[in-house]
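Comments concern the structure below.
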Amino acid sequence: MLRRVPMYLWLIALVAGGSSLSAQTKAPAATGKAAPAPATKAAAAAVSAADAAPYLGTWQIPLETPTGRLVATLVVKVEAGKVVAGVSAPQFPERKITDITKAGQVLTLKSSMNYSGPLTSYSGPVRMIMTLTPKGPDMAAWLDFNESGFQIGGTAKKKS
């Protein structure tokens, strides 16, 4: 059912959704043992203010959606010693993100919400995972919704 919801509705749910839910994790395998981390990826850890320095600031992320272009604004900053972020678009209010980790050079921002709105008959959980990877002075930005293959990407450029 989730695959039938158009991408633009996921983007709207991202920035217009309700309060954040705590991060969700996948259940361990039936044996009761946790699945091992992939050998090719570094383990993600909560990001410190010092580690987040290259990502701090205001970023503009143009995204091409099935219904047209959407320019999201991502603000990454330090509040009370903790790295936090907010994502918004001109027509949508900022959505705060506090689940932020870093593995190698990849910064990962996660947000969960329940969506129930007038734009679609879908009602239920929406989980967004955004990754930022340095690309010269810019960042490659990828968004995945409900870890179901709904992905959209763009190049984040730092706003002066």
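The values are calculated or read from the model by the stated rules, or taken from the named source; none is laboratory data. The structure presented is a predicted model; accordingly, all values stated were derived computationally and were not measured. Here the Cβ positions follow ideal geometry from the backbone for every residue, glycine too, while neighbour counts run over all protein chains shown.
Computed values, structure above
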| quantity | calculated |
| --- | --- |
| Matching option when the condition is farther than 17 Å from LYS157 by Cβ, among the acidic types (Asp, Glu) and in a strand (DSSP E or B), among GLU94, GLU64 | GLU94 |
| Number of the exception - GLU147 against (1) in a loop (DSSP other than H, G, I, E, B); (2) within 22 Å of LEU56 (Cα to Cα) | (2) |
| Per-region count, the stretch 131-150, residues within 18 Å of ALA103 (Cβ to Cβ) and not acidic (Asp, Glu) | 10 |
| Members of the stretch 63-77 found to be loosely packed, with under 15 Cβ neighbours inside 10 Å and not charged (D, E, K, R), listed by number | PRO66, THR67, GLY68, VAL71 |
| Meets criteria (in contact with a helix residue (DSSP H, G or I) (Cβ under 7 Å, 6 or more places away or on another chain) and under 16 Å from ALA53 (Cα atoms)) for LEU74 | no |
| Residue check for ALA85: in a strand (DSSP E or B) and modelled with pLDDT of 95 or more | yes |
